[in-house]
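To keep things clear, I will list the structure first and then write my remarks on it.
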Amino acid sequence: MCDETMLVWLTLLATPGIGLRSARMIIEQCKRIDAHPTLLVLQEVLPMLKADLQIQLVETMQQKNGQRDFEQLKVMPYTVLCEDDDNYPQALLEISDPPPFLTVLGKSLDPYRPAVAIVGTRHCSAYGQRAAREIAEDLVKDGFAVLSGLAIGIDQAAHQGAVNAHGKTIAVLGSGLQKIYPQNSTRLVDKILAEGGAVYSEFLPWQQAQKYQFVQRNRIISGMGQAVIVVEAGARSGALITADFALSQNRDVAVVPGSLYGNSSLGCHFLANQGAFLLVATDHVAKQLALRGIVDPEERKALTRNQPSSFCQTILTQLMINRKSIDQLTRVFEEKGWKEEELWQALFELESAGEIVRIGPGLYSR
């Protein structure tokens, strides 16, 4: 994303009455005029908007609020990943409302790295903490990154488990990077960074935590991974919102069973009744999830040893995140300057070798 387009995004998001979805709709209108929207293009789109939004947007542009945010962001010690950046998490491009940009504290993770989210209640039991910690340890040993939200309870236990095993974990915030919440997580964040993990946020660094922002960020926690594991969640736990996002994003949901004699796992048991996969142990988690269609780590290692062609490897990498249609794979090949016949040849080779399967008309999975 060029600086001009980033400036348009920031201008829209700084305008009262314009949220992420409406901003994206306006950006799409701008792209019909120019593939790389600028403020001049935005002015051309103004007449298409409602009168009250026009007034608000003109005022924002006159006050240069977006320009101010842009200039502040550029001098801050954070990495900014835009949707078209190579290091932007590729799994997020599969969801309906990916953040236009992410700010990153630490080293941004390999955008194709397989990841699993672990979420649950803030008011967890010792059993829940132990389960989250051990599941995270097991996952990072198999090469997965662990995603969570840094909240007290299950989230922090999951991050700690990944750190204990010297693995990579990503904390996704409901606030800006300058306002890390909760405040008691400073030492844990330092450990996450020391192990090569990172802290991600879709909010501007100076934004304080707001209740609605935690719900908003949950779609990123689920969207960045291949699956969501709910460790301990009551009937009204926010972790159930993350599970709902995961289902809408075509991600697998797994749950850890809890006690029958309390309310702390009612949400997990509800999800299990709805068809969520039930984890039966805290080890071999990746293999348990592979039963639900997630690629087994041993399969990935074997494919790497075989050193497939660049065409085949690109397809395998894309399908590692999620199933893909022919149209989606064609766009990937076009972006790399490759021909359509090279795509079809690679698909034929991979399908013949049993490394991918056709699961519907023009739809492939691993």
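Readers should treat all values here as calculations from the given coordinates under stated rules, not as data from a laboratory. Quantities reported herein were computed from a predicted structural model and do not represent experimental measurements. Positions of Cβ are backbone-derived with ideal geometry, glycine not excepted, and every protein chain shown enters the neighbour counts.
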Quick one, which of (1) 34, 28, 18; (2) 41, 24, 19; (3) 63, 21, 18 is the actual semi-axes √(5λ) of the Cα gyration tensor in Å calculated for this model?
-> (1)
Length added when fully stretched, A194-K339, from 0.36 nm per residue minus Cα-Cα = 48.0 nm
Considering only DSSP beta bridges whose two residues both sit in the chain, what percent are antiparallel, to the nearest 5?
-> 40 percent
Simple label model, 7 Å out from Cα along Cβ direction - R130 to D84, nm | 5.2 nm
Exposure-ranked with fewest Cβ neighbours within 10 Å first, W338, W9 stand as W338, W9
Please work out the C-alpha center-to-center distance from region 15-68 to region 109-167 and express it in whole Å.
-> 39 Å
Which ordering of L319, L102, L193 is given by a fewest-first count of other beta-carbon atoms within 10 Å?
-> L193, L319, L102
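At a Förster distance of 22 Å, what's the computed FRET efficiency of K31 paired with R331, Cβ-Cβ distance as r, to 0.05?
Numbers: r = 15 Å, r/R0 = 0.69.
Plugging the Cβ-Cβ distance into 1/(1 + (r/R0)^6) gives 0.90.
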Listed residues F144, F214, F311; largest mean-square fluctuation, Gaussian network over the chain with Cα springs below 10 Å, found at F311
Relative to the Cα centre, what is the charge dipole magnitude of the chain, using +1 at the beta carbon of each Lys and Arg, -1 at the beta carbon of each Asp and Glu, and rounding to the nearest 20 debye?
-> 980 debye
Most mobile listed residue (V215, V146, V163) in the chain, GNM with C-alpha springs under 10 Å | V215
Which FRET efficiency value, to the nearest 0.05, do you get for Q54 and L20 by plugging their Cβ-Cβ distance into 1/(1 + (r/R0)^6) with R0 = 25 Å?
-> 0.80
Between D244 and Y212, what length comes free when the chain is fully extended (0.36 nm per residue of separation minus the Cα-Cα distance, one decimal in nm)?
-> 9.9 nm
Please identify, among T317, T121, T330, the residue showing maximal mean-square fluctuation in a Gaussian network model of the chain using a 10 angstrom Cα cutoff.
-> T330
Fewest-first sequence of C268, C30 by Cβ atoms within 10 Å of each Cβ = C30, C268
Would you be so kind as to identify which of V332, L260, Q183 lies farthest towards the positive end of the dipole of the chain, taking Lys and Arg as +1 and Asp and Glu as -1 on Cβ and the Cα centre as origin?
-> L260
